[in-house]
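Undergrad: What follows is a structure written as structure tokens; I'll ask about it next.
The values are calculated or read from the model by the stated rules, or taken from the named source; none is laboratory data. In this text the structure is predicted, and so the values were computed from the model without any measurement. Here the Cβ positions follow ideal geometry from the backbone for every residue, glycine too, while neighbour counts run over all protein chains shown. Just so you know, the surface numbers come from the protein's heavy atoms only, side chains and all, with ligands and any DNA or RNA stripped out. Shrake-Rupley method; radii C 1.70, N 1.55, O 1.52, S 1.80 Å.
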Amino acid sequence: MAQSDNSYRVILVADDAEDNREILNTFLSIMGYVVVEACNGLEAVKIAARERPNLIIMDLSMPVVDGFNALRILRQLPETSTVPVVACTAHDTSTHKVQALSVGFDEFLTKPIDFTQLNWVLDRFLKEAA
């Protein structure tokens, strides 16, 4: 059941794998969020600056600009400097998690997505916007 009170909150999903974007888009849309998508880091930066999402879920390994460099750019732009950015990767190692969190990602999710964890992330970063 969609939660219409989420409809004004925008989530940017940045992932080069169409299947991953589709899974997240479907889940988040059912939850009532507006979802915009990007297929690489450069596109994510451009869309984020234009759309000003409430949350960004970003793959770390993408073409053109990877998630790490996209985050560095996002943190430098006034429009996106404070937007929470969640790393999302299939690299499920403590090294990747430490690296992602140390460069400024706000949280770390692994693929395949654990929807309980994703709900926790949504509550953590979007609950105050309700």
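Undergrad: Enter the accessible area per residue of segment 2-130 (Å², integer; probe 1.4 Å; all protein chains in place).
TA: Per residue, segment 2-130 has an accessible area of 50 Å².
Undergrad: Run the accessible area of the chain with a 1.4 Å probe and give the carbon-and-sulfur part as a rounded percent.
TA: Whole-percent figure for carbon plus sulfur exposure: 52.
Undergrad: Accessible surface of D106 in the full protein assembly, 1.4 angstrom probe, to the nearest 10 Å²?
TA: 60
Undergrad: Something else: Compare P53, P84, P112 in a GNM of the chain, Cα atoms joined below 10 Å, and give the one with the largest fluctuation.
TA: Result: P112 has the largest fluctuation of those listed.
Undergrad: For the full complex of protein chains and a 1.4 angstrom probe, list V65, V13 by accessible area with the highest value first.
TA: V65, V13
Undergrad: Which whole-number percent gives the relative contact order of segment 1-126, counting Cα pairs below 8 Å spaced six or more residues apart?
TA: 21
Undergrad: Now, a different point. Could you tell me the calculated FRET efficiency between S61 and I113, based on Cβ-Cβ distance and R0 = 22 angstrom, to the nearest 0.05?
TA: Calculated transfer efficiency: 0.90.
Undergrad: Right, something else. Given the convex hull over the Cα atoms of segment 11-130, what projected area results after averaging over all orientations, in nm²?
TA: For segment 11-130, the mean projected area of the Cα convex hull comes to 6.6 nm².
Undergrad: Along the Cα→Cβ direction, 7 angstrom out, place labels at D19 and K127. What is the inter-label distance in nm?
TA: Using points 7 Å along Cα→Cβ, the separation is 3.4 nm.
Undergrad: What accessible area, in Å² to the nearest ten, does a 1.4 Å probe give for H91?
TA: 80
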